[in-house]
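Please read the structure below before turning to the comments.
The values are calculated or read from the model by the stated rules, or taken from the named source; none is laboratory data. Remember, predicted model here, so these are calculated numbers, not experimental data. Note that each Cβ is placed from the backbone with ideal geometry, even for glycine, and that neighbours are counted across all protein chains shown. Please note that ligands, DNA and RNA were not included when accessible areas were found on the heavy atoms of the full protein model with its side chains. Shrake-Rupley method; radii C 1.70, N 1.55, O 1.52, S 1.80 Å.
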Amino acid sequence: MAEIIQERIEDRIPELEQLERIGLFSHAEIKAIIKKASDLEYKIQRRTLLKEDFINYVQYEINLLELIKRRRARIKYSFKRDEIEHSIVHRVQGIFGRASAKWKDDVQLWLSYIVFCKKWGTRAHLSKIFSAMLAIHSNKPALWIMAAKWEMEDQLSSESARQLFLRALRFHPECPKLYQEYFRMELMHAEKLRKEKQEFEKAAMDMGNFDHPEEILKGELARIVYKNSVSKIKSAEFHVSLLSIAQLFEFAKDLQKEIYDDLQALHTDDPLTWDYVARRELEIESQPGGEQPVSKQAKAVEVGRREERCCAVYEEAVKTLPTEAMWKCYINFCLERFSKKTSSVPLRGQRLERTMLAFRKAHDLKLLSEVQYKQWIDLLLRKDLFTEALQVAEAGTELFKDSAAMWQMKLQVLVGTKSPDIAMHFEEALAHLKPQVCLPLWISWAEWTEGAKTQEDTEAVFKKAILAVTGASSITLKEKYLDWAYRSGGYKKARAVFKSLQESRPFSVDFFRKMIEFEKEQESCKMASLREYYERALREFGSTDSDLWMDYIKEELSHPFGRPENCGQIYWRAMKMLQGQSAELFVAKHAMHQAGH
C-alpha cells in the first residue's frame, strides 16, 4: 500500500512544482499539501473503505481548485492550466469513479460527480457518467430527465435526448413526468429548427443540408408523443398539463386546438376538464380583433362579461356533472374572483351575488363539503349577514355532527349574534363530539366566559375541561388555565391553580416556566418558591432539558437569597439525569457560563 501511495504522491510532483514556480503557493504550503494528500491517500487505500474518506478527499481537492482560481485572479496569471488544474480535475474524477463504483446505490454521490464535471469543464466525460448511473438507477425517471435535458440544452443534441427519453419510456411506460418533458423537448426542438430556418432565410443564405420536412417544423414529432402518451395515461390532469406546455409555443396553435378538443371529448366526466374550459373564457376577448377598453369602467365591464361566460360554462357543468367535486370547482372560481381587488362597485357586487348564489344552489342539492360550509359562513360573517350565517352554520352542523371545526364555526356565529343561551350551545356541541377533538371548543368557551361572564363561571369551565380533556391535548389547556388565573387573580390565584394541577400529568416545560416567571415578577420573589418550581419541573423534564438545569444554577447564583454552594450538587444531579447529547450540551453551556460568556 505504501508503494501505491508513494507513486500517487510522486504523480503530483509536476503540478506542485508548477504551483510553486509561478508563485501561486509557497514552499511551506506545498509541503502542507503533500502531507494532507498523503493522509487522504492512506485513508482511501486501506482495506476497510469508508465513503466519508472519499468525500473528504474530493472536497479537499475542490477547495484546492477554488483556492488556485482565486490566487490566479489576484496575480492575473492564467497559464499552465493543463499542468495544474487539469491534473487535479482528472484526479478528482478518478476518486469519484472509485467511490461511485463502490457505492453504486448512492444517488447523491452520482449527482455530486455530475455537478463537479459540469463546473470544472469536463463535459465530454458526462455522457459516460450518465450512462453508468442510468444503468444502475434506471428505476428513477428524474435521472433520465436530467440526462436528456443535459443532452438537449448543454450538448445541443436533440437526437441523443430523444433516444434517452425513448429508453426511459421502455422502463416507465406510464410515467406522466417523462411524457411531459419528452413532449416539451420535441416542441423546443421544432422551435429551434424554425428559428434556424428564419435566420437562413433572413440572411438569404443557401439552406444546404437544412431541409427538414414541414411536418417536423410544425411539431409533428411532439404530436406523436402526445398521441402515444394520452393512449397510455388516461387522466384529465395529465391532458391539461400537456396543453399548458403546448401553449408556451406560439407556432403550435393547431396542436393546442387538437389537444383542447380531445380534452373535451375524452374527459367530459372529469370536473377538471370543465374547470379548465370555463377558466379559459377569461383569456378570450369579447370582441376578437376589436379595440381594447381604455377606461377603468370599460375594463371592469369587459372583465364582468368574461366572468359571466365562465359562470355560464360552470352552470352547464354542474347540470351535466352534478357532483360535489364539480361544485367545488365552481365555488372556488367564484371565491377567487371575489377576492380580486377592483375599484368597480358593480363588478364587486356581481361577484358577491354569483358566489352567494353558487353556495345556495350547492347547499340545496346537498353537494357542499365541510370546507365549503366554513368558507360560506366566513364570507357571510365578513358581510355582517349574521342571520343567514347562523342558518348555514346550523345546516352544516346537522350534516357534519362529528366535526369540531363545524361546531366551532356555529359557536363563533352565536357569539357574534350575542345569543343569550351560548353556554347551552357549547354543552350541546361537546355532547356530540368525541372528547379528544374538543380542546378548541373548551378554550373558546373559557375565552367567551372571560369576556361575558364572571370569574367563577370561567373557572367552572376550566375545571370541567380539565376533567374532560386528557392526554397530550390537556397540556395546552393547563397552560391556558394558569395564564387566566394570573390575569384574573394575580400570583395568589395562579399558585392555587398550579397546586391543584401539579400532579395532573402530562405537563409542558412552559407550564413550570410560567410559574417561575410569575414568581420573579413579584416584589418579594421567594427563592424557596423558585426552588419548588424548578424541582417539580426537573422531576418531569430533568432527563432531557439541559436549559432547566442551567437556569436553576444561574438562579442560585444571582438571587439575593440563593445558595451558590448548592450549584455543585445541582451540576452532579444534572450529569446523572441527562442522557446522551443533552448531557454534552449541558457540559458545554456550563463551561461557557463559568468562563463568563
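Details
- Residue 174 among the acidic types (Asp, Glu) and part of a helix (DSSP H, G or I): no
- Restricting the first member to region 52-64 and to residues that are in contact (Cβ under 8 Å) with a residue 40 or more places away in the chain and over 21 Å from residue 81 (Cα atoms), and the second to residues that are part of a helix (DSSP H, G or I) and open to solvent by 40 Å² or more (accessible area, probe 1.4 Å), the beta-carbon pairs closer than 9 Å and six or more apart or on different chains are 54/43; 54/98; 54/102; 55/112.
- Among the conditions (1) loosely packed, with under 14 Cβ neighbours inside 10 Å; (2) modelled with pLDDT of 90 or more; (3) aliphatic (A, V, I, L, M), residue 460 misses just one, which is (1).
- Among the residues of region 318-334, not a single one is open to solvent by less than 40 Å² (accessible area, probe 1.4 Å), under 30 Å from residue 448 (Cβ atoms), among the aliphatic types (A, V, I, L, M) and out of contact with any His (no Cβ under 7 Å at 6 or more places or on another chain).
- Per this entry, residue 453 is counted among residues that are at pLDDT below 95, under 29 Å from residue 473 (Cβ atoms) and open to solvent by 30 Å² or more (accessible area, probe 1.4 Å).
- Any chance residue 147 is open to solvent by 50 Å² or more (accessible area, probe 1.4 Å) and assigned to a helix (DSSP H, G or I): no
- Any hit, region 122-133, residues being open to solvent by 50 Å² or more (accessible area, probe 1.4 Å), of a type in the set (D, E, K, R), farther than 29 Å from residue 174 by Cα and in a helix (DSSP H, G or I): yes
Results for (1) in a loop (DSSP other than H, G, I, E, B); (2) open to solvent by less than 50 Å² (accessible area, probe 1.4 Å); (3) touching a Gly at 6+ places or on another chain (Cβ under 9 Å); (4) not basic (Lys, Arg), shown as yes or no for each residue.
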| residue | (1), (2), (3), (4) |
| --- | --- |
| 470 | yes, no, no, yes |
| 474 | no, yes, no, yes |
| 477 | no, yes, no, yes |
| 482 | no, yes, no, yes |
| 487 | no, no, no, no |
| 491 | no, yes, no, yes |
| 495 | no, no, no, no |
| 504 | yes, yes, no, yes |
| 512 | no, yes, no, yes |
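- Set 485, 472, 446, 496: member being more than 30 Å from residue 549 (Cα to Cα) and free of Cβ contacts under 8 Å to residues at least 60 places away in the same chain: 446
- For region 90-102, the condition of being closer than 22 Å to residue 17 by Cα, open to solvent by 80 Å² or more (accessible area, probe 1.4 Å) and not hydroxyl-bearing (Ser, Thr, Tyr) holds for at least one residue.
- Number of positions in region 1-51 that are farther than 28 Å from residue 70 by Cβ and of a type in the set (Lys, Arg): 3
- Screening region 514-542 for residues that are within 26 Å of residue 473 (Cβ to Cβ) and small (Gly, Ala, Ser) and picking the one that is surrounded by the fewest Cβ atoms within 10 Å (Cβ to Cβ) gives 542.
- Only helices (runs of 4 or more DSSP H) whose full extent lies in region 329-446 are considered here, and the ones with at least 3 residues that are touching a Cys at 6+ places or on another chain (Cβ under 9 Å) and at pLDDT 90 or above are 345-364.
- Residue 72 being buried (at least 18 other Cβ atoms within 10 Å of the Cβ) and either touching a strand residue (DSSP E or B) at 6+ places or on another chain (Cβ under 9 Å) or more than 24 Å from residue 129 (Cα to Cα) (or both): yes
- Verdict on residue 68 being β-branched (Val, Ile, Thr) and touching a helix residue (DSSP H, G or I) at 6+ places or on another chain (Cβ under 7 Å): yes
- The number of residues in region 551-582 being closer than 21 Å to residue 513 by Cβ and assigned to a helix (DSSP H, G or I) comes to 16.
- Residue among 36, 31 that is in contact with a Phe, Trp or Tyr (Cβ under 7 Å, 6 or more places away or on another chain), assigned to a helix (DSSP H, G or I) and basic (Lys, Arg): 36
- Taking the conditions (1) surrounded by fewer than 15 Cβ atoms within 10 Å (Cβ to Cβ); (2) touching a helix residue (DSSP H, G or I) at 6+ places or on another chain (Cβ under 7 Å) in turn, residue 80 satisfies each one other than (1).
- Long-range neighbours under 7 Å by Cβ, at least six apart or interchain, first residue closer than 18 Å to residue 315 by Cβ within region 255-281, second among the small types (Gly, Ala, Ser) and part of a helix (DSSP H, G or I): 270/236; 271/325; 272/236; 273/236; 274/317; 278/317
- Among (1) surrounded by 13 or more Cβ atoms within 10 Å (Cβ to Cβ); (2) within 32 Å of the chain's Cα centre (by Cα); (3) closer than 30 Å to residue 234 by Cβ, the one test that residue 110 misses: (3)
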